[in-house]
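**Student:** What follows is a single structure, and I will ask about it in a moment.
The values are calculated or read from the model by the stated rules, or taken from the named source; none is laboratory data. No experiment lies behind these values; they were computed from the predicted model shown. Cβ: placed from backbone, ideal geometry, glycine included. Neighbour counts: every protein chain shown. We work out accessible area using only protein heavy atoms, side chains counted, and drop any ligands, DNA or RNA first. Shrake-Rupley method; radii C 1.70, N 1.55, O 1.52, S 1.80 Å.
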Amino acid sequence: VRLAEAATLLDVPVRATEQHPKGLGPTVPPLAGYPQAVMAKTAFSAAGDPGFAELLPPGGGQVVVAGAEAHVCVLQTVLDLLAAGRRVALAADATGSRDPVDKAAALERARQHGAEIVTSEMVLFEWLRDARHPKFREVHKLLR
């Protein structure tokens with residue numbers, strides 16, 4: 001939520017994918033209000049869905065990835081983004097798996113393939129770039 005809220009404050013696009021929402025349910029309520037676009041999917045990698053490219057910002061910039069399950073949908077999406085030439089930052093503290101061993105293995109594998117493993121706080125300060133940013137105080141409040 002902290003990552004999504006900061007993105008909203010800083011006008012960073014927020015997108016979401018939902019794995020088979022008819023069977024598994026929609027985006028969880030604490031996050032549901034943040035994405036400007038949501039794509040339902042059945043492929044484990046979001047990049048395997050024909051509509052996924054439309055969710056990404058043009059120009060091949062960095063994509064910050066978060067979500068569940070780290071070792072399935074998140075990892076496969078990250079690997080496909082990397083294969084497509086995208087720069088990927090995987091937010092470790094905003095990514096989860098039911099089993100911590102699966103999450104750890106997914107983070108390590110993503111790192112081995114070229115993803116930057118980051119924390120939400122790292123991303124927030126990189127988006128801000130400077131303490132003089134006009135939204136610095138609002139974003140800083142999210143860190144408490």
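**Student:** Ignoring ligands, DNA and RNA, what percent of the accessible area of the chain is carbon or sulfur (1.4 Å)? Working shown, then result.
**Tutor:** Numbers: 4620 of 8420 Å².
Answer for the chain: carbon and sulfur cover 55 percent of the accessible area.
**Student:** Can you compute 3J(HN,Hα) from phi for each residue in the range 31-40, using the Karplus curve 6.51 cos²θ - 1.76 cosθ + 1.60 with θ = phi - 60°, rounded to whole Hz and x for Gly and Pro?
**Tutor:** For the range 31-40, the Karplus curve yields 9, 4, x, 8, x, 7, 8, 10, 10, 7 Hz.
**Student:** Let me ask something else. Regarding the range 1-115, what are the three Cα extents along the principal axes, ordered largest first, in Å?
**Tutor:** Largest first, the range 1-115 extends 33, 31, 28 Å along its Cα principal axes.
**Student:** Charges at C-beta only: +1 for Lys and Arg, -1 for Asp and Glu. How large is the resulting dipole of the range 93-144 about its Cα centre, in Debye rounded to 20?
**Tutor:** Details: 10 positive and 9 negative charges, 55 e Å.
My answer is approximately 260 debye.
**Student:** Could you tell me which residue out of A131, S45, G23 lies farthest along the dipole of the chain toward its positive end? Charges go on the beta carbon: Lys and Arg +1, Asp and Glu -1, centred on the Cα centre.
**Tutor:** A131
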